[in-house]
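Have a look at the structure below, then the notes.
No value in this document is a laboratory result; all are computed from the given coordinates. Only a predicted model underlies this, so the values are computations on that prediction, with no experimental measurement involved. Cβ: placed from backbone, ideal geometry, glycine included. Neighbour counts: every protein chain shown.
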Amino acid sequence: MRVDNLSVEHIVKILGRESQYSIASKLFDIIPVEEYSLDVKACTTVLHSYARTGKYKRAIEIFEKMKETGLDPTLVTYNVMLDVYGKMGRSWDKILELLDQIKSRGLVFDDFTCSTVISACGREEALNIFKEMEDNNCVPDAITYNELVAVGIEKVENEIYDGHVFPSWTLLRTLVLTYYKCRQLRGMVRAFHQLQKNGYKLDMVVINSVLSLFVQNKKLEKAHEMLDLIRNNGLKPNLVTYNSLIDLYARVGDCWKAEEMLKEIRNSGLNPDVVSYNTVIKGFCKKGLVQEAIRILQEMTNNGIQPCPITFNTFLSCYAGKGLFAEADEVIRYMIEHGCMPNELSYKIVIDGYIKAKKHKETMDFVSKIKEIDISFDDQSLKKLASCIREGLET
């Protein structure tokens, strides 16, 4: 019995909406979808299903049939096919052909278009795609940065600095953010200086990324220079900026200065968030000033900011590291009683503390206690903790 056209189209769209691509792919092998008059959205779902399940030749067949019947592919359709040809390899000519079709139909590349193409191309083609991105006012996204790393960020950078490629704003900005993602300070600074040297406008995403990497490397003076740069460019520090500075002061042991930043945040018209408070608490705990950390916790809750497991795990690390297991137990109980359930790391922190203190019996007693007070602690959780205990004892 032949299924009617409307039913097939309806089934296809439901499977696409639910992202059931594996099921859809198997179904389309039984139902010859090319014999039905599906709309472009349904056809694109069919293509996506074949692409996700590795049936690339089948996707190409459906795409060609789609064009033969007079259906105009959308940008989403083209993006799926770019992904297909990219995964097949050695299909650069086909990719260029699709890009020409996109432009000839008046469609505009989006982030996914560019990222998909970059993932399929080599260094030289990647540079050309970045030029296309700039021409289409397309700002690279996280996927683009991943693909730039894959094609060789250093090679791309050398092409710019050797004068073979024009150092556009899009390309230099992407280099800065890619180096930030890779935690490569030297390359990031070099690309950032090129942005400044070329007189390009700086935005807070780039500045905060550079500042964050300076903070992670404890470059206090450089971080202060970034703050001056923000103000000199008529920009305003945002919460991300302030949180990075709090992190910097906490890392270098100046927790009082980190606390001062909470006041500066409020003076600027912003409100500290859970990250702001957690970082100050971590700074005080790292210095062994637990009472000061508790004071910040009280301020945090008084200001309507709810602590999270990260907040309490900081206290657990401090107490367990000092052998103050009664206090660590109190923190665990407090978390459970106040609905902020301990996570796997919470328990692991305390267990590691017991093992390092060679309190093996107390370790097992602690696990038994957890089973009594934490109703969410199941057999799977127990197996994970048992594995942690074994690893700790072996080391």
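For this structure, a couple of remarks:
- Here Ile207, Ile310 are placed in order of increasing Cβ neighbour count within 10 Å, fewest first, which gives Ile310, Ile207.
- Cβ-Cβ FRET estimate between Arg52 and Lys371, R0 fixed at 45 Å, reported to 0.05: 0.60
- Label-point separation in nm, Asn232 to Arg190, each point 7 Å along Cα→Cβ: 2.3 nm
- Working from label points 7 Å from Cα in the Cα-to-Cβ sense, the Leu324 to Lys358 distance is 2.4 nm.
- Euclidean distance of C-alpha centroids, the range 283-328 and the range 162-209, integer Å: 38 Å
- Subtracting the Cα-Cα distance of Phe166 and Glu225 from their residue separation scaled by 0.36 nm leaves 18.5 nm.
- The slack between Leu96 and Glu264, meaning 0.36 nm per residue of separation minus the straight C-alpha distance, is 55.2 nm.
- Nitroxide proxy distance, nm - points 7 Å out along Cα→Cβ at Cys308 and Leu75: 3.2 nm
- The length gained by stretching the chain between Asp273 and Leu382 to full extension, at 0.36 nm per residue less their Cα-Cα distance, is 35.9 nm.
- Charge dipole (debye, nearest 20) of the range 320-395; +1 at Cβ of Lys and Arg, -1 at Cβ of Asp and Glu: 300 debye
- Cα-based shape type of the range 320-395, given that a ≥ b ≥ c are square roots of the gyration tensor eigenvalues and the cut on a/c is 1.5: oblate
- Estimated FRET transfer efficiency (Cys182, Glu391; beta-carbon r; R0 45 Å; 0.05): 0.90
- Which listed pairs, of Lys65/Lys103; Lys201/Lys222; Lys287/Lys369; Lys181/Lys201; Lys263/Lys286, have C-alpha distances above 25 Å, in listed order: Lys287/Lys369
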